[in-house]
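Working notes, structure below.
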Amino acid sequence: MVLCRYLPTAFVLFFSVNVAADPFACAASVPELAQTQGKKITAANQKVDSGAFLAGIAARSRGDDSEAARALRAASQADPANRDMATQAFVLSVLAGSPEAVELARREEQFAGKEILSSFVLGNHAALKGDWQAAARYYQQGSQDPMAHLVLPLLLAWCDQAEHKAHAALDALSRIQGSVLSPFYTLHAALIAQLSGDSAEAGRLFAQAQHAMPGEDLLLARSYAAWCWQNGQRDKARELLRRMIDADPVLALAGKQFQAEVSKFPVDTSLQGLARAYVLTAFLFQQQLRNAEQEAMSPQAARQARFRLNEATRLMLSFALELDPHMSEALLMMAEVQQDEGHPQAARATLLRMPSGSPLMPVAAFKLALIDNESDHLDEARDKLLALVKDNPELVLPVSELGNTEASRKNWQGAFAAYDKAVNLSRAGAPLRGVKKEYWSLLFLRAVTSYELGNWPKAKADLKEALALQPDNPLLLNFLGYSMTEQHEDLAEAERLLRKAVELDPDDAAIRDSLGWVMVERGDLKEGTQLLERAVAQTPEDPEVNYHLGEVYWRMGRHREAVDHWNLALELKPEPRDEKLIRGALARAGNLPDKQASVSLSGLPAGK
């Protein structure tokens, strides 16, 4: 259920309007920010501590919210009249979960447009101290803000529950009519009823929420499953969990853990209830970001929307983790946003906070493996994935990702074994959802590893099976057509496949390179040259494309130009396979810069 489609515009615009322009947003570089934002902030007052300000910029650019908040607070103290600086120090302190955020929130007059953030900070602080009446008063101070109309009913309901006023909480939530969030209000009402000892009412409300959003919410599935288990409906409890796992197979990694904790309610305190309200709000911001990505806007506007919605998400998650530091769902979501912002080490640190007993620990391990892979910590990624494969031998997702990691390690035999297992699991009916690509791409990946291992017949068989499933897939057409060219096998058919690929994706330089290469191999140097020159113009830093253009120039007698492209290709640090080709060409031309290597005419499709 895509809630953001129905969200009020005021909610969508909350942070773009109400959060002050952040000095760190959309930064091309730290020096650029220092120059542009430093001028803005110092224009009105020359007392700013530029060293602290620059330290804050640098810390924020690497995802260190705690250090950024500390530095901006220092800069603000040096220039107490600078409200922009104070506001930025406040927002960063909230993001970092710094205790100083409470004192800053008390200076509400400095944060025009930030009243709701101040009310959240002070309300949460009161709730943590057990002063629920004060918490409710603080939350209500932000009631005029557009976002309050969505989250405030939940915050106040949980305050009522904590004060043993469950009936008032349930009555208030039941009177909200026509809201897109009604199913979530119903879910929270069910949790309040259960926590207050009214199991019958809780069951009725869980069923009502389930009817409105079947199998689409982790909190609902786990809570309703726990209720069913405790009320003797154990088959239904298992079915609820199964449907949840089927809806998101990344969660299947935690399937055994969820089943082991089926009787446990995920919310058993009012503080945890408040935290869940903030997680819901964070989820809505991320849904809005997904929608914004589909809208036509300038690159700058897209970057600004992404920054603001991600920051809004992290603010809400910071509140949730302040109230419930061990909430696994909030930690996972926070890490995903940090990764999206380009801060993998911050995401890693967040994932490492996952409680060892959390049922979502296997999901955290999988996410850590992905970060390890992207950070070139390939051995660590492999170890994590091997453990997940061992614990979940029936799942496609971990073994296919293991194949990706082994391929990154250039362990083609290991990659083939992993992809082979993934293909066989898929054929046996294992769920494919949650795998980045569908069954055809498992065949494609196995074909790539077979090709690397020198088993062209096996690679060709997998490519043809994949192409039968995806006849108009440019990636498959390109790889098969290029590989046939390299094998000097049915060049007419290779040309047909590659021409179709170009028709389907006319802007892809790698496909144009492949078509140019097959035309060269078929003796049509004129068209081959035209295609390869266009491919080089599109991707001038691709060593393989430069090698191909050099080869056709050599065959045309344009030897000096050929050598120039080969030398350029060598400078572009090609893959070992391509480096052998380039060095062999230069040796043939008598221009090898150092010791020559043997020439091999095998290779992968350009850019793949």
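The values are calculated or read from the model by the stated rules, or taken from the named source; none is laboratory data. All of these numbers come straight from a predicted model, not from anything done at the bench. Virtual Cβ from ideal backbone geometry, glycine too; neighbours counted across all protein chains shown. To get the accessible areas, we keep the full protein, side chains included, count just its heavy atoms, and leave off ligands, DNA and RNA. Shrake-Rupley method; radii C 1.70, N 1.55, O 1.52, S 1.80 Å.
Annotation: Cα Rg of the stretch 374-424 relative to the compact-globule expectation 2.2 N^0.38 Å equals 1.01.
Treating r as the C-beta distance of LEU453 and SER50 and R0 as 51 Å, the FRET efficiency rounds to 0.30.
Only alpha carbons enter this Debye calculation for the chain, each as an equal point scatterer, and the log10 of I(q)/I(0) it gives at q = 0.07, 0.08, 0.10, 0.11 Å⁻¹ is -0.57, -0.73, -1.01, -1.12. Here the convex hull built on the C-alpha positions of the stretch 388-489 has a volume of 94 cubic angstrom per residue. Expressed per residue, the C-alpha convex hull volume of the stretch 183-234 stands at 62 Å³. Shown for the stretch 119-203 is the translational diffusion coefficient from the Stokes-Einstein equation, using the Kirkwood radius over Cα pairs, a temperature of 37 °C and a viscosity of 0.692 mPa s: 253 µm²/s.
The long axis of helix 412-427 is offset from the longest Cα principal axis of the chain by roughly 60 degrees.
The value of relative contact order for the stretch 499-564, using C-alpha pairs under 8 Å at least six residues apart, is 24 percent.
Shown here: the stretch 204-256, whose C-alpha atoms stretch 30, 23, 14 Å along the first, second and third principal axes, sorted largest to smallest. Run a plain Debye calculation on the stretch 191-299 (Cα atoms as equal point scatterers, no solvent) and give log10 I(q)/I(0) at q = 0.10, 0.11, 0.16 Å⁻¹, rounded to two decimals, same order as the q list. Here the Debye-derived log intensity ratios amount to -0.34, -0.40, -0.77.
Taking the charge dipole of the chain about its Cα centre, with +1 at Lys and Arg Cβ atoms and -1 at Asp and Glu Cβ atoms, the residue from ALA535, LEU370, LEU385 reaching farthest to the positive side is LEU385. VAL518 contributes an accessible area of around 0 Å² to the protein surface, as traced by a 1.4 Å probe with all chains present. Rounded to a whole number, what is D in µm²/s for the stretch 423-570 from Stokes-Einstein with the Kirkwood radius over alpha-carbon pairs (4 °C, 1.567 mPa s)? It comes out at roughly 80 µm²/s.
Helix 509-521 sits at what angle to the longest principal axis of the chain, using alpha carbons and giving 0 to 90 degrees rounded to 10? It is inclined by approximately 10 degrees. With all protein chains in place and ligands, DNA and RNA left out, the 1.4 Å accessible area ranks ARG83, ARG558 as ARG83, ARG558, largest first. Taking label positions 7 Å along the Cα-Cβ direction at both ASP376 and ARG427, the computed distance is 3.7 nm, reported to one decimal. Rounded to the nearest 20, the Cβ-based charge dipole of the chain about its Cα centre (Lys and Arg +1, Asp and Glu -1) stands at 500 debye. For the stretch 219-285, the relative contact order works out to 35 percent when only alpha carbon pairs closer than 8 Å and six or more residues apart are counted.
Taking the longest Cα principal axis of the chain as reference, the axis of helix 83-96 is set at about 80 degrees.
If you take the Cα centroid of the stretch 502-553 and the Cα centroid of the stretch 303-323, the two points sit 45 Å apart. Solvent exposure of LYS264, expressed as accessible area, is near 110 Å², computed with a probe of 1.4 Å over the protein chains only.
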